[in-house]
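Everything on this sheet refers to the single structure shown next.
Read-outs: derived from the displayed coordinates by stated rules, not from any lab. Everything numeric here is computed off the predicted structure, so don't read it as measured data. For neighbour counting, all protein chains shown are included, and Cβ atoms are generated from backbone atoms with ideal geometry for every residue, glycine included.
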């Protein structure tokens, strides 16, 4: 069967014209999209606690004599561990929301055809 044979026996119906608006009014639907922004500001927080210091092992001492043999320099070396407790966090501040009309109607489909 050819594709036009399927439609040969069914006449194409014209699209019915829109009825005129009755005195009581007519129902229509119009759509406009809007863009809404809700700003949110995040700020970091860091609170330092009291540090603790601990010595690890025994100190090491080196002695260096100058070339003239008139003085000695002692160098003391000690491993020290410093622990600092820190609490990290975030504070959040919300701003006033705003709204604006979308410039392209809804998703690029402007119902007015403008």
Discussion item. Any residue in the range 20-49 that is over 30 Å from residue 92 (Cα atoms) sitting within a Cβ distance under 7 Å of a residue that is in a strand (DSSP E or B)? List the pairs, counting only those 6 or more apart or interchain.
Written reply: 31/106; 32/101
Item to complete: Quickly run through the range 35-58 and pick out the residues that are surrounded by 10 or more Cβ atoms within 10 Å (Cβ to Cβ) and outside any loop (DSSP other than H, G, I, E, B).
Response: 35, 37, 52, 55
